[in-house]
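Read through the structure below, which is laid out as structure tokens, and then see the notes.
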């Protein structure tokens, strides 16, 4: 756990702007621009402040490109468009403003433009939000990248693509700026795109969505600090993550695209607390270094064709990215499942007793999973009924979810394990060789995910691989060291399983840190059950090998007492040490309800729904912030 926390929160040191460094991204430069940008205050589209921000960005960009004699031409323009978006709701818009800059590579001229890479962010902020992170960081990162290309023009002189900088507007109103760009003549030249977003206010930049295998390989080959997982993409595609980004519009132009964002401290996202003070030092450096490296790679190694093959990918401890085309990954997954089944048939020698034992163990793990989720949900719901406010503390402190949901989940599967042990004892079945039951369980889990062709199917497959490798390596080392004790063999087995456990836990923590603040925006009394289900599921799979060790060595009673003690302590901590405060208020959703008859308003009311509480008409719950901590 300590390893996971360290590697996931590590950020590069902010860099100053010094010419002797050569081409480099400077967080200090970007922060200066960001201070000026946020000084306008909230700047949603259609506001006076929004117009001022566009003019400020136009002046900033113009001053950069006019500061030196370039070896290539450029065109800067403000694009204003009207249109209509017909999705779940019909929306008609007018005067949506985008700021665009196009750098033409040396062999390209405006009259005969070539293919282009699109780099995009949005300049508008949410209502009442300064927009420092969403999407101020994306805006200033693009400006600093432009400054590098102007200061060191030899870099762009080698480009095989034009480069389009797009600061689009009205993203917060429904991705309208990117929709306007789809009708602009430049959009026809886009062969690849990078979209910079934010769902938090700091921390490392993560990849949410990648269009195809070519872009995955480009990302893996170029960025300095990779953070990527197919699991996040599956969550987006299955609509398990609320919201959308401009990525969905740009994907209509080409599959060669990528969507990246930082996710930490999502509690301030879309609020007036989205300020520079909330952005962790190193955040801008992290995303800037990665985007600059990726831009340089793509303009020098452009795609030769549109690749529609998705990829299965994840970063290995944030040092490198492993990726394979999705069809190949699915085929590899089925192959490993068959190898695992063959292993089970070989070790059982096709005899009924060993096969029955493996089946019972696998079913125990399956029932343990169901029990862990039920226990976690039940404890969360009871606490919700007793203290609705205390039960929401983990919205503002996502790390508390680990402390609160994990003990309940642990109690759930330990309960099933104890019952299964008694049943197996009565049946005269010796409960040993649990690694075979583990292997059978992970194969059962992998099969439906592989059948659905989900890119995140590599998670259970990783455990299938590691169980097979760990089993044979443990046997090899035990024979070499002449170790006969079962406990020592298990220690070796868990040691060899450690890399996959660290990898899985790291990815799980990232998802929880991202997902929890988003759930805090939902006005639903049952949202705590969703999070109990979410966290219980992931931690069950991540800690299952360790739990199997506990079951094998009759440590159920000790661990149950420890889990119960941690659960009680976590409840006390939530109520006393980590209450909601002015800085981390309880959220509420406001509804403006209008009823009309014969084109006349007959009823006009405003309803407030504090998260996890019944809907009310009492505005004091929202506006009396000092007393109750609501916004």
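Every read-out reported here was derived from the displayed coordinates using simple, explicitly stated rules and does not represent laboratory data. Just so it is clear, the model here is predicted, and its values are computed rather than measured. Cβ placement follows ideal geometry from the backbone for every residue including glycine, while neighbour counts extend to all protein chains displayed.
Within the range 2-318, the proportion of C-alpha pairs whose separation exceeds 38 Å stands at 6%. Which of the three applies to the range 88-228, rounded, prolate or oblate, going by the alpha-carbon gyration tensor with a ≥ b ≥ c and a/c under 1.5 meaning rounded? Oblate shape, in that a/c is at least 1.5 and b/c is the bigger or equal ratio.
Shape call for the range 171-233 from the C-alpha gyration tensor, a ≥ b ≥ c root eigenvalues: rounded (a/c under 1.5), prolate (a/b greater than b/c) or oblate? Verdict is oblate for the range 171-233.
Fewest-first ordering of 214, 186 by other beta carbons within 10 Å of each residue's beta carbon gives 186, 214.
Among 268, 191, sorting on how many other beta-carbon atoms sit within 10 Å of each Cβ, with the fewest leading, yields 191, 268. Rounded, prolate or oblate for the range 251-321? Axes are the square roots of the Cα gyration tensor eigenvalues, ordered a ≥ b ≥ c, and the cut-off for rounded is a/c under 1.5. Judged from the Cα gyration tensor, the range 251-321 comes out prolate (a/c at least 1.5, a/b above b/c).
Which FRET efficiency value, to the nearest 0.05, do you get for residue 494 and residue 272 by plugging their Cβ-Cβ distance into 1/(1 + (r/R0)^6) with R0 = 51 Å?
Efficiency computed from Cβ-Cβ geometry: 0.60.
By the count of neighbouring beta-carbon atoms within 10 Å, fewest first, 39, 26 end up ordered 39, 26. At full extension, residue 32 and residue 300 could sit 93.5 nm farther apart than now, given 0.36 nm per residue minus the alpha carbon distance.
With contacts defined as alpha carbon pairs under 8 Å and 6 or more residues apart, what's the relative contact order of the range 133-205 in percent?
About 52 percent, as a whole number.
The length gained on full extension between residue 157 and residue 473, counted as 0.36 nm times the residue separation minus their Cα-Cα distance, comes to 108.5 nm.
Here the range 17-176 carries DSSP beta bridges of which approximately 70% are antiparallel, counting only pairs with both residues inside.
Dividing the convex hull volume of the alpha-carbon atoms in the range 58-160 by its residue count gives 143 Å³ per residue.
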